[in-house]
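Below you'll find the structure, written out as structure tokens, and then a few comments.
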Amino acid sequence: MRTLEELIKHGVKGRRVLVRCDLNVPLKDAGTAAVSVTDDGRIRASLPVLTTLLDYGARVIVTAHLGRPKGEPDPKYTLGPVADRLAQLLGRPVEFALDTVGESARLLAAELGDGELLLLENVRFNAGETSKDDAERLAFATQLAALTGGDDEGGVFVEDAFGAVHRKHASVYDVATLLPNYGGNLVRAELEVLTRLTGDAERPYVVILGGSKVSDKLAVIESLLPKVDKLLVGGGMCFTFLKAQGYEIGDSLLEEDQLENCARFLAEAGDKIVLPTDIVVSAEFSADAPTQVVDAHEIPAGLKGLDIGPESVSAFRAALDGANTVFWNGPMGVFELAPFAAGTKGVAEAVSAVDGLSVVGGGDSAAAVRALGLDEAAFGHISTGGGASLEYLEGKSLPGVDVLETS
């Protein structure tokens, strides 16, 4: 994989550089005049590559997606608010095209000066971005590549959206077959860390999994369980494990079709799998809900588990003590609501205190770190990958990476 440093060495001044970034951030009041970005972590993660290219005089054209529009413009998913926040963080103007490859994009791309940046509208507003038809996808990618002037005019492609590399999409995969391509620093950093997690990780190696569903993490458990010393399970997924042991879980989240898998994991893992021993429960799901802490083995009928309890946090912290490699993916409870945030915060603080490599696996876990006011610098690596990180850990190929290694 060719690097950003190699591209800079060859010279980028005056050249149009198409950069795929991951700017898929949460918005408040989307589609209204009061819209705002509620978590700009992914925008911040994109700044180093963009700043480097701009400082060296490149004419930068950024592609990104937001949400899941259905192949046509949708005001709820416009990247306009993202352009505003990106400009604030960069400390320089950001041009914003009102389309992906239409008149606005072509005109603004042609007028870009050295050290200037253009953000195109949401690439998923074009059906060609996510099409299963190779020809349709390639046609859209060809239009994107044309905005750089193509290889003949020095146009190049930089992939820096690790959160999208597991998708065989036009702006991720196909465009890399049309232009000289380079891996951005963010992509390379993610791959370096994930390689350490899947290879010969320094022991003791502890993995913490949360989130709502066992089915979402099934392949990750299959892949990592033989490699780890401890697997700590919290979040909504823990209740299917508890039910598989024969315990009462009240009205807590349950995936009945995963009970057999959970029983198998527990049988195979022995004492490797650590489950919560106490649970914060409530009859309702709200910010002012009355709560109580109960034994994880006897959750009363009519109540649902919404966070792990203080005893469980202490047990998880003890399991992390002395660990040299830690991977955490998924919150321990509904951290967005104060009554159910203590478990996630306690585990996050324990992960941040690890002396060895501590990796936060993106998505909700990364959002929780920021939402709970924790110091991001205290963690070894906070992934922007989400689904891409999980697929890599499952052993799957990532099309957006593979194309960089073979083109």
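Before moving on, here are some points about what is shown:
- The figure for Asp55 is an accessible area of roughly 100 square angstrom, using a 1.4 Å probe on the protein chains alone.
- Per residue, the chain exposes an accessible area of 41 Å² to a 1.4 Å probe, with every protein chain left in place.
- Farthest toward positive dipole pole in the chain [+1 Lys/Arg, -1 Asp/Glu at C-beta], among Ala283, Ala367, Gly199: Gly199
- GluC sites (Glu not before Pro) restricted to DSSP loop in the stretch 195-297 with at most 14 other C-beta within 10 Å: Glu202, Glu284
- Helix 342-352 and the longest principal axis of the Cα set of the chain meet at an angle near 70°.
- Per residue, the average separation of C-alpha pairs within less than 8 Å and at least 6 apart gives the stretch 128-279 a relative contact order of 16 percent.
- Computed over the stretch 364-407, Kirkwood Rh from alpha-carbon pairs, angstrom: 12.3
- Relative contact order, percent, the chain [alpha-carbon distance under 8 Å, six or more residues apart]: 15
- Full-extension gain in nm, Asp151 to Glu284, via 0.36 nm per residue minus C-alpha separation: 42.0 nm
- Tensor-based shape of the stretch 53-179 (alpha-carbon gyration tensor, a/c under 1.5 rounded, otherwise prolate or oblate): oblate
- Of the trypsin sites (Lys or Arg not before Pro) found in the stretch 65-124, the ones in coil according to DSSP and having at most 12 other Cβ atoms within 10 Å of their Cβ are Lys70.
- Residue with peak Gaussian network fluctuation, the chain [Cα springs, cutoff 10 Å], from Ala296, Ala315, Ala348: Ala315
- Label point distance in nm, Tyr56-Leu337, each placed 7 Å from Cα along Cα→Cβ: 5.0
- In range of the label at Thr177: residues from the stretch 121-159 whose backbone nitrogen is under 12 Å from the point 7 Å along Cα→Cβ: 133-142
- Accessible surface of the chain [probe 1.4 Å, protein heavy atoms]: carbon and sulfur percent: 48
- Debye log10 I(q)/I(0) for the chain, one point scatterer per Cα, at q = 0.06, 0.10, 0.11 Å⁻¹: -0.26, -0.71, -0.83
- Most positive-pole-ward Cα, Leu119, Ala33, Leu53, against dipole of the chain from beta carbon charges: Leu53
- DSSP bridge pairs, the chain: antiparallel proportion in percent, nearest 5: 20
- The distance between label points at Ala377 and Met1 comes to 2.7 nm (points 7 Å beyond Cα on the Cα→Cβ vector).
- Pairwise Cα inverse-distance average, inverted: Kirkwood Rh of the stretch 132-206 (Å): 14.0
The values are calculated or read from the model by the stated rules, or taken from the named source; none is laboratory data. Computed from a predicted structure; not experimentally measured. FYI the Cβ positions are ideal-geometry reconstructions off the backbone, even for glycines, and counts take in every protein chain you see. Accessible surface areas use protein heavy atoms only, side chains included; no ligands, DNA or RNA. Shrake-Rupley method; radii C 1.70, N 1.55, O 1.52, S 1.80 Å.
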